[in-house]
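Nothing in this text is a laboratory measurement; each read-out follows from the coordinates by a stated rule. Keep in mind it's a predicted model, so treat the numbers as computed, not measured. Using ideal geometry, Cβ is built from the backbone for each residue, glycine included, and neighbour counts are taken over all protein chains shown.
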């Protein structure tokens with residue numbers, strides 16, 4: 001009887017030791033996952049920063065080329081300050097995501113976010129033969145982390161612009177309110193997506209831009225849409241695409257309505 005009791009006690013001790021080791025490993029995995037997230041998100045941060053640094057450089061060049069036009073220089077500097085503040089918000093947002101921190105969602109007007117994106121982009125799309133049509137109700141709002149959703153929309157807008165490179169077309173952004181969510185559509189009349197590419201379109205490092213644009217011109221790194229999906233999934237929404245080669249594409253987002 002004593003031997004059985006001793007064996008049982010020994011077994012319980014082993015189980016307790018293994019449980020303690022298991023808990024320690026789980027804690028280490030959690031810490032390592034945060035580091036892995038940072039590694040995964042680093043190229044994505046670089047991709048997003050490039051989207052802002054390009055117009056930032058354009059504003060600086062505009063100011064330097066027109067030193068005597070005080071009004072133009074002042075306008076360029078204001079735009080640069082706005083872009084710098086936005087870049088700072090993006091860094092904070094993305095690093096918080098990499099750390100697994102819960103970020104604050106806000107009720108925000110969708111049209112205001114879209115208008116700010118075009119302000120940051122600097123270049124007039126009309127110069128590329130692209131007509132922009134925005135059809136979003138003035139008071140339509142969503143409950144999101146604003147800077148993250150702006151990054152999603154900025155990626156889709158830049159992708160649309162790239163798909164109409166040199167040929168022009170129409171970029172249309174619409175939004176409607178449903179019973180449970182807000183639906184946003186970003187539509188272009190560009191080159192479209194080949195059917196064989198649909199299964200990979202949201203995969204990291206997959207891009208369809210390399211073959212149709214000079215390396216110096218295209219913005220594709222294969223990270224934008226992958227990060228878009230990550231952000232939308234984190235919001236409990238969805239992202240999908242419909243496209244026909246040489247006719248254009250429509251990306252559809254579903255976003256949570258205000259509480």
Computed from the beta carbon distance with a Förster radius of 41 Å, FRET efficiency for residue 19 and residue 53 to the nearest 0.05 stands at 0.25
At a Förster radius of 45 Å, what calculated FRET efficiency corresponds to the Cβ-Cβ distance of residue 179 and residue 12, to the nearest 0.05? 0.25
According to a simple spin-label model (label point 7 Å from Cα along Cα-to-Cβ), what is the distance in nm between residue 233 and residue 250? 2.5
Test of understanding: ordering 132, 78, 182, 144 by Cβ neighbours within 10 Å, fewest first, what list do you get? 78, 132, 182, 144
Need the C-alpha centroid separation for the stretch 238-259 versus the stretch 64-89, integer Å. 33
I'd like the FRET efficiency for residue 132 and residue 68, computed as 1/(1 + (r/R0)^6) with the beta carbon distance as r and R0 of 22 Å, rounded to 0.05. 0.10
